[in-house]
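Data block below; observations after.
The values are calculated or read from the model by the stated rules, or taken from the named source; none is laboratory data. In this text the structure is predicted, and so the values were computed from the model without any measurement. Note that we place each Cβ from the backbone using ideal geometry, even for glycine, and neighbour counts take in every protein chain shown.
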Amino acid sequence: MNPSYGYQLYQAQRVRTRAEELADDMRRGRQAAAVWRAGRGFARKARASGMAPLYAIAAAARSSVRAA
């Protein structure tokens with residue numbers, strides 16, 4: 001059992017204020033934006049290094065998933 005399980009249970013059951021909800025939304029948004037920017041940087045480097053055929057395969061896979 002996790003030593004902080006009691007605290008985690010308390011946090012899960014605790015009613016959060018609107019300000020806390022908004023702060024968490026902002027934090028998650030910043031995290032998502034940072035992950036997206038990092039992914040774009042990796043994509044840019046991969047394209048520059050000649051991995052374009054792999055990106056074509058990945059794009060085709062993404063489009064087939066979206067169509068489903």
(request) Could you list all residues from region 6-25 that are modelled with pLDDT of 90 or more and surrounded by fewer than 10 Cβ atoms within 10 Å (Cβ to Cβ)? (result) Thr17, Arg18, Ala19
(request) Can you run down the residue pairs with Cβ atoms below 8 Å, 6 or more apart or on separate chains, where the first is in region 16-42 and among the acidic types (Asp, Glu) and the partner is outside any helix (DSSP H, G or I) and surrounded by 10 or more Cβ atoms within 10 Å (Cβ to Cβ)? (result) Asp24/Arg16
